[in-house]
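Notes for the one structure printed next.
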Amino acid sequence: MSPTGTEIAQAPGFVANETPRIVTSRFDLENGHTIDQYLATGGYEGLRAALDKTPDQVHADVRDATVLGRGGAGFPAGIKWGFMPADVWPRYLVVNGDESEPGTYKDRLLMELDPHQLIEGCLIACYAVGLSQCFLYIRGEMAVAQERVAQALNDAYAAGYIGKNILGTDFSVDIVLHWGAGAYVVGEETALIESLEGNRGMPRLKPPYFPAAIGLYGKPTIVNNVETLANLPWIAKNGPDAYREIGTESSPGTRMVAVSGHVKRPGVYEIINGSTTFRQLLFDDEYCGGMGEGRTLKAFVPGGGSAPWFLPDQLDLPFEGSEIGPQGSMLGSGAIMVMDDTTDIPKAAHSLTRFYAHESCGKCVPCREGGTWLEKILGRIVDGHGTTRDLELLMEVGETICPGDFPHASSERLGLEAVRFPYQMTTICFVGPSAFAPVHSALTLFPEEFADRVTEVSEHEHSVGAVPVELKGMAISD
Ligand SMILES: Cc1cc2nc3c(=O)[nH]c(=O)nc-3n(C[C@H](O)[C@H](O)[C@H](O)COP(=O)(O)O)c2cc1C
Ligand code: SF4
């Protein structure tokens, strides 16, 4: 039941498996989102353990655990916290719950199914780094998450976990809930800060606007992803060594992944970080259980819609950023989109590119104009009106957004060597390059699907054909 008295559906999508459950342990409990259930299952014990230590000790624990950021870049939280300048106050925590990367829906489940775990993580972070106030920003469309987090905040305030002199200590902090208006680019941390300040959600230039130095209201600010923070109660309770026993040395713990597309069991899974391979995740019965009956894997997007695509050649790679980058892609937001042999590749690329073109905030020309061009050119190819010149044009437009070699996977079938991630870019943020990524992957890895679809034209024919029919032959004076 919601605070306003309406019945709200629990988000579908979580699939339990044998992995130790650090952040999803309450996902299949009845009323796992309530404070009673949270307290009955060890809730707020991590906060109590943290408050028994000095803030520096808690910070050191998070640094020793190597909690990699789960919002996309994978930067270790403990090290990021260390970038805060000493003695500048106030300083803020901003929780990034704007999750909108295509394919990604793990943070939504964390907020809907275990909101107190997130709140406890925020409190531990504020205590460790001496943050004065926390702003929790939730994407506009996530009504259930907003209601559940709002209720959880009210309950936690009433029980003395948030506010003044928390649990009788001299640690005090407020958490402010903010609802977004539904813009993908606001997930970018500086755009999120702009939005919180009441401005249009457009990214700022970095440098100088690195949030740890110049963030919300010009003050030092830590921006962390929902899942990153949700790991902290477990670490505070069990210690960094126990966390490091799970996963690999460079990617400890677990991570949440959201799988969508042509597998038998799409859903959100908590998997062992660093060592689980894409083959295990997509084909093992414990996880997605393989492709549909009689179907084969054609390609998959390994890290959210922005990530360059992988082929079956890359299935044995593990969820380890340092192994994925050299192979031409990224783990990003942990969203895997699976395409089987029935997938129309130009259409799939067009669908993703259309999203990024639509979400461009318009601040920089290569993204604002280039994204729209990519979408339109690809659109006419998909509709059967494209020419061979359009294929070159797509790459030329991409070059204006990302000059130089763009990353891609290797392909045994095509005799292609991988080009490593990342890329150069002419834009302020990654939305521009994200519009090009699906186009580039599709053209590079599946050239035959485009060759079949376009008409062969010379440069001259193309330029004549580009003149709209109704203008041909008209005099200037007309
Ligand atoms: C276009 C764009 C969208 C993003 N969307 C999100 C998002 O929805 N959620 C998120 O946590 N990070 C998102 N990020 C990454 C954030 O800028 C930031 O790196 C992250 O919130 C930091 O948290 P972490 O260190 O805990 O991962 C996005 C980045 C870009 C460029
Ligand atoms: S890359 Fe696109 S979304 Fe990002 S700042 Fe530039 S115009 Fe805006």
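Is it the case, given these coordinates, that ALA86 is at pLDDT below 95, away from ligand 2 (no atom under 16 Å from the Cβ) and under 22 Å from ALA50 (Cα atoms)? Write out each step before concluding.
Working: at pLDDT below 95: yes; away from ligand 2 (no atom under 16 Å from the Cβ): yes; under 22 Å from ALA50 (Cα atoms): yes.
Criteria met by ALA86.
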(Q) Looking at THR228 and the list (1) among the hydroxyl-bearing types (Ser, Thr, Tyr); (2) over 29 Å from ARG244 (Cα atoms); (3) assigned to a helix (DSSP H, G or I), which single condition is not satisfied? (A) (2)
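Show me the helices (runs of 4 or more DSSP H) entirely contained within segment 113-196 in which 3 or more residues are more than 16 Å from ligand 2 (Cβ to nearest atom) and in contact with a Pro (Cβ under 8 Å, 6 or more places away or on another chain).
Values: elements: 115-129, 143-158, 189-196.
So the answer is 115-129, 143-158.
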(Q) Looking only at segment 363-374, filter to residues that are touching a residue at least 12 places away in the same chain (Cβ under 8 Å) and more than 13 Å from ligand 1 (Cβ to nearest atom); which one of those is surrounded by the fewest Cβ atoms within 10 Å (Cβ to Cβ)? (A) THR372
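So which helices (runs of 4 or more DSSP H) stay within segment 306-397 end to end and still have 1 or more residues that are within 16 Å of ligand 2 (Cβ to nearest atom) and more than 30 Å from GLY97 (Cβ to Cβ)? Outline the logic, then answer.
Working: elements: 321-324, 345-359, 365-382.
Of the helices (runs of 4 or more DSSP H) lying wholly inside segment 306-397, those with at least 1 residues that are within 16 Å of ligand 2 (Cβ to nearest atom) and more than 30 Å from GLY97 (Cβ to Cβ) span 365-382.
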Q: Go through segment 168-196 residue by residue and tally those that are away from ligand 1 (no atom under 16 Å from the Cβ) and over 22 Å from PRO115 (Cα atoms).
A: 3
Q: Look at ASN96 and say whether it is out of contact with any His (no Cβ under 6 Å at 6 or more places or on another chain) and in a strand (DSSP E or B).
A: yes
(Q) So, in segment 410-437, exactly how many residues are within 16 Å of ligand 2 (Cβ to nearest atom), crowded, with 19+ Cβ neighbours inside 10 Å and under 14 Å from GLY325 (Cα atoms)? (A) 1
(Q) What's the number of the only condition in (1) more than 13 Å from ASN96 (Cβ to Cβ); (2) touching a Cys at 6+ places or on another chain (Cβ under 8 Å) that ARG148 fails to meet? (A) (2)
Q: Could you identify the single residue in LEU393, LEU317 that is closer than 30 Å to LEU282 by Cα, among the hydrophobic types (A, V, I, L, M, F, W, C), surrounded by fewer than 22 Cβ atoms within 10 Å (Cβ to Cβ) and without any contact (Cβ under 8 Å) to a residue 60 or more places away in the chain?
A: LEU317
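The values are calculated or read from the model by the stated rules, or taken from the named source; none is laboratory data. The model shown is predicted, which means the values in this text are computed figures rather than measured ones. Cβ sites come from the backbone with ideal geometry, for glycine too, and all protein chains shown count toward neighbours.
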